[in-house]
Amino acid sequence: MSEPGIPERWQDPFAILGILTSAKTIAIVGLSPNELRASHFVGFYLRRHGYRIVPVNPREKTILGETSYPSISELPFPVDVVDVFRAPDAVPEIAREAVRAGAKALWCQYNVISPEGGAIAEQGGLRVVMDRCMKVEHARHLGRMHWLGFNTGRISARR
């Protein structure tokens, strides 16, 4: 069920699964070097599951062992998904940059809700996911969700 003000097409399970199974390179805008931040954990998790993670953070030189870029427009190679950990008012410009860079999808994390940014991305031909966590959706759709939200590596009915 979609949150008020978010078109259901931006939370469609089939679109989410399609993005997760086709993407190889994910630019994370707002990726933090702080291990306690959600963006860091999401980047770490996605990298561990085979995605190439590209940090986009103008304050850092490297994050998770990868070169960090100041903006999407400064990436020297294409990305499949632009995953946004920024305030909603930053999303329209990020969406414009994602369209210009040739990304295939714009993914806005929990509470990053920007109908304007979603519309810009859609008009530019990108698939859009909004108010969803890429790590949670990956775990949910690809069978790696433990009841506490992480993969224990064990199969057991015991808690």
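Need one number: the % of Cα-Cα pairs in the chain sitting beyond the 29 Å mark.
Details: 1749 of 12561 pairs.
Percentage above 29 Å: 14.
Are there GluC sites (Glu not before Pro) in the stretch 1-99 that DSSP marks as loop and that have at most 12 other Cβ atoms within 10 Å, and which are they?
Working: sites: 8, 35, 60, 66, 74, 93, 97; in loops: 35, 60.
Here the sparse-neighbourhood loop sites are 35.
In what sequence, highest mean first, do 75-85, 132-142 appear when ranked by Cβ atoms within 10 angstrom?
Details: 75-85: 20.6, 132-142: 18.8.
So the order, starting with the most tightly packed, is 75-85, 132-142.
No value in this document is a laboratory result; all are computed from the given coordinates. Here the structure is a predicted model, which means the values were calculated and not measured. With ideal geometry, Cβ positions are generated from the backbone for all residues, glycine too; neighbour counts draw on all protein chains shown.
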